[in-house]
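Visitor: Mind looking over this structure? Questions follow.
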Amino acid sequence: MRKLLLLAGGIAVLVVLTQTAQPALTVSLHHSELLTKRIYAYRDWQSTGVRIDQGDRVEIQAEGEWLYTPDEFHGPAGHPRFPAPSFYPVSKGSGGALIGRIGETGGRFVVGERINMQATQHGILYLRINDDILSDNDGWVAVRIDVTETEDSLP
């Protein structure tokens, strides 16, 4: 009789636990970084910690100011009068613009204030200022990164 009562009690506990358990966690096809990340003008390539898969839609928005030329702060679009020379990490667009790459050796692209693109490779997203000498820069821009998985996304 005692064993039967213990068994019944155990079953009752299991029933209560399964009824109060949290529902299963599901993964959304769209995810967004909840924290704004800072990208500093005086640092080389900075990992955002955001993993991107080939085929994902990636939107990056940036705001803030950083010092690219002496005594002149500019936003993530870069200097309006100084195009990037051929020896900069990205030779198109403006000097001092926000640029990015996906993966350690990925192709480089101009982000500026905003970019919406489909990823052509997978890896971690890296960002930095488009400049050859970083030691004389100052300031930072804040970036928000939204990644949406598509039907074309490949891990």
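Visitor: Only residues that are exposed (fewer than 14 other Cβ atoms within 10 Å of the Cβ) and farther than 30 Å from Ser153 by Cα: list them for region 46-82, please.
Guide: Across region 46-82, the qualifying residues are Pro70, Asp71, Glu72, Pro80, Arg81.
Visitor: Is it true that some residue in region 124-133 is touching a Ser or Thr at 6+ places or on another chain (Cβ under 9 Å), under 15 Å from Asp44 (Cβ atoms), touching a residue at least 40 places away in the same chain (Cβ under 8 Å) and among the aromatic types (Phe, Trp, Tyr)?
Guide: yes
Visitor: Still on this model: Look through Gly112, Gly106 and report the one residue that is small (Gly, Ala, Ser), under 25 Å from Leu154 (Cβ atoms) and surrounded by 15 or more Cβ atoms within 10 Å (Cβ to Cβ). Give the derivation first.
Guide: Working: Gly112 fails: under 25 Å from Leu154 (Cβ atoms).
Sole residue among the options that is small (Gly, Ala, Ser), under 25 Å from Leu154 (Cβ atoms) and surrounded by 15 or more Cβ atoms within 10 Å (Cβ to Cβ): Gly106.
Visitor: Looking at Gly75 and the list (1) under 16 Å from Arg38 (Cβ atoms); (2) free of Cβ contacts under 8 Å to residues at least 12 places away in the same chain, which single condition is not satisfied?
Guide: Result: Gly75 passes all but (2).
Visitor: Only one residue in Thr120, Thr148 is out of contact with any strand residue (DSSP E or B) (no Cβ under 6 Å at 6 or more places or on another chain) and of a type outside the set (D, E, K, R), so which one is that? Working first, answer last.
Guide: On the way: Thr148 fails: out of contact with any strand residue (DSSP E or B) (no Cβ under 6 Å at 6 or more places or on another chain).
Exactly one of Thr120, Thr148 is out of contact with any strand residue (DSSP E or B) (no Cβ under 6 Å at 6 or more places or on another chain) and of a type outside the set (D, E, K, R), namely Thr120.
Visitor: Could you give every pair whose Cβ atoms fall below 8 Å, whose first residue belongs to region 85-106 and is farther than 16 Å from Leu134 by Cα, and whose second residue is among the aromatic types (Phe, Trp, Tyr) and surrounded by fewer than 19 Cβ atoms within 10 Å (Cβ to Cβ), counting only separations of at least 6 or pairs across chains?
Guide: Close Cβ pairs (under 8 Å, with a partner that is among the aromatic types (Phe, Trp, Tyr) and surrounded by fewer than 19 Cβ atoms within 10 Å (Cβ to Cβ)) amount to Arg101/Trp45; Arg101/Phe109.
Every residue, every condition in (1) more than 24 Å from Tyr126 (Cα to Cα); (2) of a type in the set (Val, Ile, Thr); (3) at pLDDT 80 or above, yes or no:
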| site | (1), (2), (3) |
| --- | --- |
| Met1 | yes, no, no |
| Leu4 | yes, no, no |
| Ala12 | yes, no, no |
| Gln19 | yes, no, no |
| His30 | no, no, no |
| Asp44 | no, no, yes |
| Gly78 | no, no, yes |
| Ser86 | no, no, yes |
| Ile102 | no, yes, yes |
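Visitor: Turning to a different aspect of this structure: How about region 116-155: which of its residues are among the aliphatic types (A, V, I, L, M) and under 12 Å from the mean Cα position of the chain (by Cα)?
Guide: Selection gives Ile124, Leu125, Leu127, Ala142, Val143, Ile145, Val147.
The values are calculated or read from the model by the stated rules, or taken from the named source; none is laboratory data. What you see is a predicted model, and the numbers here were worked out from it, not measured in a lab. Cβ sites come from the backbone with ideal geometry, for glycine too, and all protein chains shown count toward neighbours.
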